[in-house]
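Remarks on the structure that follows.
The values are calculated or read from the model by the stated rules, or taken from the named source; none is laboratory data. All values reported here derive from a predicted model rather than from experimental measurement. Reconstructed Cβ throughout: ideal geometry from the backbone, glycine too, with neighbour counts over all protein chains shown. Note: accessible area is taken over every heavy atom of the protein model, side chains too, but ligands, DNA and RNA are not part of it. Shrake-Rupley method; radii C 1.70, N 1.55, O 1.52, S 1.80 Å.
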Amino acid sequence: MIQAFLAQYLIYWLIIILFMLGPFGIIFGNNLIKKLMAMNVMQIAVITFFLILAQKSGATIPIEIPGLSGAEHYINPLPHALMLTAIVVNLATTGVALAILELIKSDYKTLEENKLGWRANQ
């Protein structure tokens, strides 16, 4: 019984735990790089959740196969395409954020939040 429960719902609990690591790192992290990585972990959890929801048992890739007719035999490619787009956007925003963090570090010589607030007020 426990094996059936774990086989069916374990992935969702893992995704919830992974998602909750994001806000935890953003709220309690002091370093801006750690906050950025926590945001990325949260985005990966959302992407994984959507890909898990898009799975269909007993379905095949969306290429026409003789003898199979109807949408119930094929996997919907739209969620996968949207999540591929989300991965590209995630990569782009991470690159821009890292560039901005590099500029902050060169100006203020730190990426710690409490030190940045103190140095910005001087």
Which far-off residues, 5 or more places away or on another chain, put their amide H under 5 Å from the one on residue 74, with H placed in the peptide plane?
-> 60
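Of the accessible area of the chain, with the probe set at 1.4 angstrom, what percent is carbon plus sulfur?
Working: 6470 of 8910 Å².
Of all accessible area on the chain, carbon and sulfur atoms account for 73 percent.
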³J(HN,Hα), Karplus 6.51/-1.76/1.60, whole Hz, each residue of region 5-10, x for Gly, Pro | 5, 5, 5, 8, 10, 4
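In terms of the Cα gyration tensor, with a ≥ b ≥ c the square roots of its eigenvalues, is region 1-55 rounded because a/c is under 1.5, prolate because a/b exceeds b/c, or oblate?
On the way: a/c = 5.08, a/b = 2.13, b/c = 2.38.
In terms of gyration-tensor shape, oblate.
If R₀ is 30 angstrom, what is the calculated FRET efficiency for the pair residue 51 and residue 108, using the beta carbon separation as r and rounding to 0.05? Intermediate results must be reported in sequence, preceding the final value.
Working: r = 39 Å, r/R0 = 1.30.
Efficiency for this residue pair is about 0.15.
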Against the longest principal axis of the chain, how steep is helix 32-53, in degrees 0 to 90 to the nearest 10, with axes from Cα atoms?
-> 10
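So if we plug the beta-carbon distance of residue 63 and residue 4 into 1/(1 + (r/R0)^6) with R0 = 30 Å, what FRET efficiency do we get, rounded to 0.05?
Numbers: r = 32 Å, r/R0 = 1.08.
Calculated transfer efficiency: 0.40.
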To the nearest Å², the heavy-atom accessible area per residue of the chain with 1.4 Å probe amounts to 73
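Restricting to DSSP H runs of at least four residues, report the calculated mean residue ellipticity at 222 nm for the chain, -39500 (n - 2.57) per run over all residues, nearest 500 deg cm²/dmol.
Details: 4 runs with 88 residues, N = 122.
Using -39500 (n - 2.57) per qualifying helix, the result is -25000 deg cm²/dmol.
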Could you give the C-alpha radius of gyration of the chain expressed as a fraction of 2.2 N^0.38 Å, taking N as the number of residues it contains?
-> 1.52
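Multiply the residue gap between residue 76 and residue 88 by 0.36 nm, knock off their C-alpha separation, and tell me the result in nm, one decimal place.
Details: separation 12, 0.36 × 12 = 4.32 nm, distance 2.01 nm.
Between residue 76 and residue 88, full extension yields 2.3 nm more.
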